[in-house]
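None of the figures in this text is laboratory data; all of them are computed from the coordinates on show. Keep in mind that what you see is a predicted model, and the values were worked out from it rather than measured. Note: ideal-geometry Cβ built from the backbone for every residue, glycine included; neighbour counts use all protein chains shown.
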Amino acid sequence: MVLQHRAGPPDHPRHDRYEKVLATRPVITVPTFTLGPERDPFAAPGNGAAYRDRFTGPYDHRTPAGIGHHVPQEAPATFARAVVDADRL
């Protein structure tokens, strides 16, 4: 959710405490999947290697083909499958 906030107005006081924690780049220990959609206009597709070191728990990265920035809206079945699969990481 905080990542979504970053695309919005900067410096919203409601998110200050989260931004401070994220600024320290803490590792994420829970099972996690990341999605780097193939046609995201804001980021080049990749394999997640640029941030892989931040995830110390079970991890999976997927690059959905033909999908833009909003995976849950553009490919709900792909997104749901990743959520279900994360439970098995």
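A few comments on the model shown:
- Amide H contacts of Phe55: Ile28, each under 5 Å away and 5 or more positions distant or on a separate chain (H built 1.01 Å from N in the peptide plane; Pro and chain starts excluded).
- Net charge of neighbours whose Cβ lies under 13 Å from the Cβ of Ala65, counting Lys and Arg as +1 and Asp and Glu as -1: -1
- Amide H within-cut-off set for Thr34, under 5 Å, with H built and near neighbours excluded: Asp60, His61, Arg62
- Computed on the stretch 27-86, the Cα convex hull volume stands at 76 Å³ per residue.
- Helix-derived mean residue ellipticity, 222 nm - over the chain, DSSP H n ≥ 4, -39500 (n - 2.57), to 500: -8000 deg cm²/dmol
- Karplus 3J(HN,Hα) series, Hz, for the stretch 63-70 with 6.51 cos²θ - 1.76 cosθ + 1.60 (x for Gly, Pro): 10, x, 6, x, 10, x, 5, 9
- Residues whose amide H comes within less than 5 Å of that of Ile67, counting only those at least five positions distant or on another chain, are Glu38, Arg39 (H built at 1.01 Å from N in the peptide plane).
- Integer Hz, Karplus 6.51/-1.76/1.60 couplings in order for the stretch 19-29, x for Gly and Pro: 4, 5, 5, 5, 5, 7, 6, x, 6, 10, 9
- Cβ-to-Cβ counts within 10 Å put Asp53, Asp60, Asp85 in ascending order as Asp53, Asp85, Asp60, the fewest first.
- Compared with the alpha-carbon gap, the fully stretched path from Val84 to Leu22 is longer by 19.7 nm at 0.36 nm per residue.
- Among Tyr51, Tyr18, Tyr59, the largest mean-square fluctuation in a Gaussian network model of the chain, built with springs joining Cα atoms closer than 10 Å, belongs to Tyr18.
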